[in-house]
Each structure stands twice: as structure tokens, then as C-alpha cells.
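In what follows, a structure is listed as C-alpha cells, so that the remarks can point back to it.
The values are calculated or read from the model by the stated rules, or taken from the named source; none is laboratory data. Model, not experiment: these values are computed from the prediction. Neighbour counts run over all protein chains shown; Cβ positions are idealised from the backbone, glycine included.
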Amino acid sequence: MSSIKKLAGQTVWYGGSSIAARLLNYLLTPYLTLKLSGTSYGEMSLVYAAIPFLNVVFTYGIETAYFRFSSKPEYKNEIYSTASTSILISTAILTTLLLLSHTFFSHLLRLDAHPEYIIYSAIIIALDTLTTLPFARLRYEGRPKKFAAIRIASILINIFLTYFFISVCPKLALENPAGFVAAFYKDDYAVGYVIIANLIASFVTFLLLSKEFLSFRFKFNQVIWRAMIIYSLPLMVAGFGGMINETFDRIMLGWWAPVQTVNDAKIQVGIYSGCYKLSILITLFIQAFRMGAEPFFFKQSESQSPQRTYARVMKFFVITITVMFLVVALYLDVWKYFLRNEIYWTGLKVVPILLLANMFLGIYYNLSIWYKLTHRTISGAFITLIGAAITLVINFIFIPFFGYMACAWATFFCYGSMMVISYLWGQKAYHIPYAWKKLCAYIVIVVGLFFIHSAIIYFFQGIIVNLTSATLLLLLYLWFIMIIERKELRKIPLLSKFLPLNPVAKGGIEQ
């Protein structure tokens with residue numbers, strides 16, 4: 001249990017700061033859905049759907065490779081300088097190519113009227129890439145306070161500038177038409193200001209990490225670099241496929257949505273993107289977990305019986321995300337007010353599907369430890385490409401008929417397939433004793449509770465009935481988990497005094 005506590009602590013510090021940062025960023029969603037038109041929100045969503053693809057190419061799995069090889073004594077002294085030199089050179093080359101081809105990308109995203117969005121995005125991607133290794137170094141060296149402070153400061157700057165550009169600047173320009181702000185302010189340029197705010201925040205982040213960034217020496221060890229690239233390139237392929245699974249559906253929806261005009265297609269993208277953000281709770285937890293788990297898993301691999309630890313981590317992970325599924329899915333009529341414009345509520349039916357899809361994705365991230373530890377990262381790339389193929393095929397066939405519903409189901413089947421394939425393959429290559437029957441039962445139970453709730457509010461409408469049903473079903477599941485996992489939960493000091501051992505319970509140590 002001590003190893004689980006250690007992971008929980010790392011998740012709180014590194015992942016918790018990421019949750020706080022992303023949560024603050026998500027708080028922009030109600031504001032932006034109120035201030036931006038459906039078309040503008042769709043344009044913004046298209047830009048932020050494209051950026052992750054290029055982030056994957058720019059970073060090419062170097063962060064995970066850094067964690068993997070930093071623990072090896074023969075690489076320890078030179079790995080940071082070698083990795084930093086590599087990423088500095090590659091970022092300069094890729095950024096130049098992106099800037100030269102910005103008109104092509106603006107046309108690809110149907111943003112022909114604003115090719116400068118791609119220029120802004122290229123600079124953001126470059127700055128974020130250059131901070132990848134400094135952030136990784138802070139995590140590896142156990143410096144959570146600086147890591148957390150910088151992440152949160154960056155988001156706060158982004159939020160402040162977004163609000164300033166969209167809400168304050170118009171008032172200043174109106175009050176003083178001959179002033180400085182009025183000279184540069186543009187009407188109907190909200191999306192551009194959102195991206196510019198992000199750019200400034202990324203630059204400040206880079207400045208705050210300048211000490212870590214400049215601490216490397218231009219020292220390039222070809223042997224280390226070759227080992228890192230062999231390890232990380234399959235991760236880049238997997239990451240690229242992952243971005244197809246995660247964000248490319250917005251771009252495809254913009255191309256093929258069953259509507260008459262380009263602006264209508266952008267509105268569809270905006271609705272889907274807004275509703276996607278209602279899976280925020282699970283998404284944020286998965287992000288936090290990954291931040292803490294990746295270095296933890298690699299370090300844990302050197303201990304005795306790491307497989308047992310991985311199995312227990314998986315169980316606690318699944319319990320947590322099933323509870324989160326219920327918190328969002330059962331209270332969807334409350335969460336919908338997160339989207340301030342009612343136009344987005346037409347897409348709420350995709351939320352439970354996306355919640356389940358993200359549950360599958362989180363489980364897959366847990367399972368992926370087998371190919372990272374066994375240096376079979378090409379297997380991870382292969383699994384992700386299978387998922388990407390499923391995403392592309394389903395979206396290509398069904399978006400013209402079903403719009404964003406096709407995107408949601410494509411995400412569901414993509415992540416579900418990746419989860420199953422990774423489990424079956426991984427158990428042969430690196431056996432981990434997951435309590436898979438129990439975990440599957442937990443997932444089936446929460447889905448069943450959601451359908452029971454849906455039936456109740458269908459026959460007995462009203463907010464009081466809705467909230468009562470949701471609360472009772474959530475408490476029922478929590479009670480069920482506390483009974484089933486009594487022995488495990490007793491090991492948590494905060495819960496031990498509330499959960500005495502059941503004298504009737506029969507032995508066996510749960511996984």
C-alpha cells in the first residue's frame with residue numbers, strides 16, 4: 001500500500017496541479033460559449049483540434065524516453081543535454097516549415113479568412129515544445145512546487161488576457177476612440193484574441209522555465225540519442241494516432257457534417273466540442289493520473305512484484321472513474337449549465353457515450369505499461385493505429401448521415417477496441433494479475449444505474465425527481481463499493497475507522 005500512497009502523492013502534486021490548471025482553463029468554456037457565436041466557437045475548436053497533432057510531431061515522444069533512460073546510470077549525466085539539443089534543433093526546423101506552409105493549413109481547416117491563426121499556433125507549439133523537457137525534469141527530480149506554480153500561473157495569465165481582450169478592450173476602445181487600445185482593437189476577432197492570449201501565456205511559461213531550459217549544454221551523445229529515438233519514435237506514431245482518435249473527428253465533422261454551409265458545419269463542431277468538455281471530470285483525472293503514474297511506473301518496475309502494484313493501481317483507478325462517470329452522467333441536467341448558450345444543449349446526448357469512451361482510454365493508459373517496460377513501444381503504436389483506423393472509418397462513413405453522433409460512437413469503439421487489444425496482448429507479453437471480472441462488473445453496474453436513472457426521469461419528469469434519483473443511485477453505488485472493497489479501503493487511514501472488518505467476509509487477498 002505504501003507504493004499506492006506514493007503514487008497518490010505524486011498524482012496530487014503533479015497531476016493535481018495539472019487538474020487545477022486545466023480546470024481553470026475549462027472555466028473559460030462557459031465564458032467563451034456565451035461570448036462567441038456558434039461559428040466562432042467552432043473555428044476556435046478547429047484550431048485547437050489541429051494543435052495537438054503538431055505537438056506530437058514536435059515532441060516525438062522525447063518526454064517518455066527521458067523518463068525511461070534517466071534511471072540508467074550510463075545515460076544519467078548526458079541524457080538531458082542530448083535530449084534538449086535534439087529538441088531545440090528539431091523545433092527550429094519544424095517551426096520554419098510550419099510558418100512557410102501556414103496558408104495550406106488554414107485552407108485545410110477551412111480558416112482561409114484567418115491564415116494568421118496558424119502563425120500564432122506555430123509559435124505556441126514551438127514554445128510549448130521547448131518547455132516539455134524542463135517540465136519533465138522538474139517531475140523527475142521531484143520539484144512539485146515549481147512545477148505546479150508555473151502550470152497554474154500560465155493558465156491564470158491565459159484566462160486574464162482572454163477576458164481582457166474580449167470584454168475589457170471593446171469598452172476601452174469605445175470610451176476612447178483615439179486611444180492606444182482603439183488603434184489596435186479589431187471587432188469580430190474574438191478567436192484571434194483567444195489564440196493570442198494563449199501565445200502570451202506560453203511565452204511567459206517559457207520565461208519561467210528558462211533556468212531549467214538553459215541548464216543544458218550543447219552536448220550531443222549519438223549513442224544515447226539513437227537509443228532514445230528508437231524507443232520514442234513508436235510513441236510518436238502512437239501519439240499521432242492518439243490525436244486522430246482524440247481530436248481529428250472535429251476536423252472531419254467540419255468537412256462532412258450533414259449541413260448546407262461551411263458556417264453551419266462550424267456550428268456543429270462547436271456544439272460537439274462544447275459537449276465533449278462535459279466529460280471534464282474523467283478527462284482531468286486521467287490527465288492527473290498520467291502525470292503522476294508515468295515516472296512512478298518506471299521506478300516501481302525495479303521493485304519486487306511490481307505487477308501486483310500495477311493491478312492494485314488499476315483497481316483503484318477504475319473505482320474512481322466509475323464514480324466520476326456517475327457524478328457527470330446522473331447530474332447532466334446540472335452540468336449542462338456549464339455551457340451558457342442553449343444551442344449547445346442539443347448535443348448533450350453524446351456526453352454519456354464520451355464519458356464511457358474516456359473511461360476506456362484511461363484504462364488503456366494503465367494497460368500500456370506493459371509495452372513501455374518491455375521496450376515494445378512499436379506494439380503501442382500498432383494498437384493506437386488500429387484505433388485511429390476505426391475512428392477514420394466510422395467517421396468517414398457515418399458523419400454525412402449522423403453528424404456529431406457518429407463522432408461520439410467512433411470515439412467509443414476506438415478506445416474500447418484499444419483497451420481490449422492492449423489487455424489481451426499485454427497479458428501474453430507481461431502478465432499482470434488484473435481483477436478484470438470485478439472491474440468489468442463495476443463498469444456494467446454504473447452503466448446500468450445510468451439507464452435506470454434515464455428511465456426514472458423519462459416517466460417522472462421534474463428537477464426534484466431528477467436530483468433525488470441521481471443522488472440515491474450515486475450513494476447506492478458508493479455503499480456497494482465500500483462493502484465489496486472493505487478490506488482494501490481499510491488500509492486507507494482516513495477510512496479505516498469507518499470501515500471495520502466484516503467478520504463474515506472470507507479470505508483471499510484481493511488484487
Handout entry: Flag if Tyr344 is surrounded by 17 or more Cβ atoms within 10 Å (Cβ to Cβ) and farther than 20 Å from Ile286 by Cβ
Key = yes
Problem - Residue under evaluation Tyr404, criteria (1) buried (at least 20 other Cβ atoms within 10 Å of the Cβ); (2) more than 23 Å from Ser273 (Cα to Cα); (3) hydroxyl-bearing (Ser, Thr, Tyr), criterion not met - result: (2)
Fill in the blank from the handout: the stretch 22-131: helices (runs of 4 or more DSSP H) wholly inside it with 1 or more residues that are acidic (Asp, Glu) and either surrounded by 17 or more Cβ atoms within 10 Å (Cβ to Cβ) or without any contact (Cβ under 8 Å) to a residue 60 or more places away in the chain (or both) are 38-59, 62-70, 116-130
Fill in the blank from the handout: Going through the stretch 262-320 in order, the residues found to be part of a helix (DSSP H, G or I), at pLDDT below 70 and either of a type outside the set (A, V, I, L, M, F, W, C) or touching a His at 6+ places or on another chain (Cβ under 9 Å) (or both) are Gly292, Glu294, Pro295, Lys299, Gln300
Practice task
Just one of (1) at pLDDT 95 or above; (2) surrounded by 19 or more Cβ atoms within 10 Å (Cβ to Cβ); (3) aromatic (Phe, Trp, Tyr) trips up Phe203, so point out which.
Solution key: (2)
Handout entry: Every residue from the stretch 444-486 that is outside any helix (DSSP H, G or I) and surrounded by 16 or more Cβ atoms within 10 Å (Cβ to Cβ)
Key = Glu485
Practice task
For Ser167, indicate whether it is surrounded by fewer than 13 Cβ atoms within 10 Å (Cβ to Cβ) and in contact (Cβ under 8 Å) with a residue 24 or more places away in the chain.
Solution key: yes
Problem - Residue match in the stretch 349-359 (condition: more than 20 Å from the chain's Cα centre (by Cα), assigned to a helix (DSSP H, G or I), of a type in the set (Lys, Arg) and crowded, with 18+ Cβ neighbours inside 10 Å) - result: no
Problem - Qualifying positions in the stretch 324-335 - surrounded by fewer than 18 Cβ atoms within 10 Å (Cβ to Cβ) and outside any loop (DSSP other than H, G, I, E, B) - result: Val327, Asp333, Val334
Fill in the blank from the handout: Reported set for the stretch 450-475 where residues are over 18 Å from Lys349 (Cβ atoms) and within 29 Å of the chain's Cα centre (by Cα) is Leu467, Thr471, Leu473, Leu474, Leu475
Handout entry: The listed residue being surrounded by 21 or more Cβ atoms within 10 Å (Cβ to Cβ) and under 25 Å from Tyr48 (Cβ atoms), out of Ile251, Ile224, Ile196, Ile150
Key = Ile150
Exercise for the section: Determine whether the stretch 364-375 contains at least one residue that is more than 23 Å from the chain's Cα centre (by Cα) and touching a residue at least 60 places away in the same chain (Cβ under 8 Å). Expected result: yes
